[in-house]
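Below is one structure; the comments refer to it alone.
The values are calculated or read from the model by the stated rules, or taken from the named source; none is laboratory data. Keep in mind that what you see is a predicted model, and the values were worked out from it rather than measured. FYI the Cβ positions are ideal-geometry reconstructions off the backbone, even for glycines, and counts take in every protein chain you see. Side chains are part of the model used for accessible areas, which takes the heavy atoms of the whole protein and leaves out ligands, DNA and RNA. Shrake-Rupley method; radii C 1.70, N 1.55, O 1.52, S 1.80 Å.
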Amino acid sequence: FVYLALGREKITDDHWIYLPEDTLTVHRISEFKNFSPENAPPGKTVVCCEITCDFEDEVWNCPDEKLREIAVNDLVRIGLIKKEEVIDEWSHRTRFAYPIYDLEYAGRLESAKGFIEQFVNLHTAGRQGLFKYNNMDHSLEMGLEASKDLLHERRDTDKVASGSGYFG
């Protein structure tokens, strides 16, 4: 993930935008201020540029400065930002950002969830916690449901985005 702090109010009204062009390295951007105006100071915004890679591949091992240059150039090229609007930039690598499914994952997942459920003070949510390839809004809802459980109201994190329309 390459984060770009920009000296402007926002770049789009969308939470995230997919960039499927094969000439770009960034494949998706997220603008967190569109989830809440409190996610960036007035007159500024932060955009997360996602660049797909595998652990220890060429992109993973690319210097941060080069990744930042790629992200800025991609967004400039498609007209979303101007280079001079970038006021700060930083990178973060996440090895297990997305779950990878195989033919046996459902059985192994149930076994893991059964083990975790024996701990009354352990709450799982989100992609890694429930091994779901869900959207950010689903992850946020799962976090809210987990907080309700912590307040002893209920425990429904596993039901968020769980219909067959999401995961077959």
Output wanted: per-residue J couplings in Hz (rounded whole) for segment 127-139, from phi through Karplus 6.51 cos²θ - 1.76 cosθ + 1.60, θ = phi - 60°, x for Gly and Pro.
4, 6, x, 10, 6, 10, 8, 9, 7, 4, 5, 5, 4
Residues with amide H under 5 Å from that of R28, placed H, sequence gap 5 or more
L19, E50
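Suppose every K and R has +1 on its Cβ and every D and E has -1 on its Cβ; what is the size of the dipole of segment 29-126 about the Cα centre, in Debye to the nearest 20?
Taking the Cα centre of segment 29-126 as origin, the dipole is about 300 debye.
If you take every residue apart from N61 with its C-beta less than 14 Å away from the C-beta of N61, what net charge results, scoring Lys and Arg +1 and Asp and Glu -1?
Taking every Cβ under 14 Å from that of N61, the sum is -3.
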For E89, what residues show an amide H to amide H distance below 5 Å, using hydrogens built from the backbone and excluding near sequence neighbours?
A5
Using 0.36 nm per residue of separation minus the Cα-Cα distance, give me the extension gain between R93 and L150 in nm, one decimal.
17.5 nm
Normalised contact order of segment 4-96, rounded percent, pairs of Cα under 8 Å and 6 or more residues apart
34
Ranked from the most accessible area to the least, with a 1.4 Å probe and all protein chains present, what is the order of T45, T25?
T25, T45
Close lysine pairs (the chain; alpha-carbon distance under 14 Å; 8 or more apart or on separate chains) counted at 9
Output wanted: per-residue J couplings in Hz (rounded whole) for segment 77-94, from phi through Karplus 6.51 cos²θ - 1.76 cosθ + 1.60, θ = phi - 60°, x for Gly and Pro.
4, 8, x, 7, 9, 10, 3, 6, 7, 6, 10, 6, 7, 7, 10, 8, 9, 10
Between E84 and T23, what is the spin-label point distance in nm, taking each point 7 Å from the Cα along the Cα→C-beta axis?
2.5
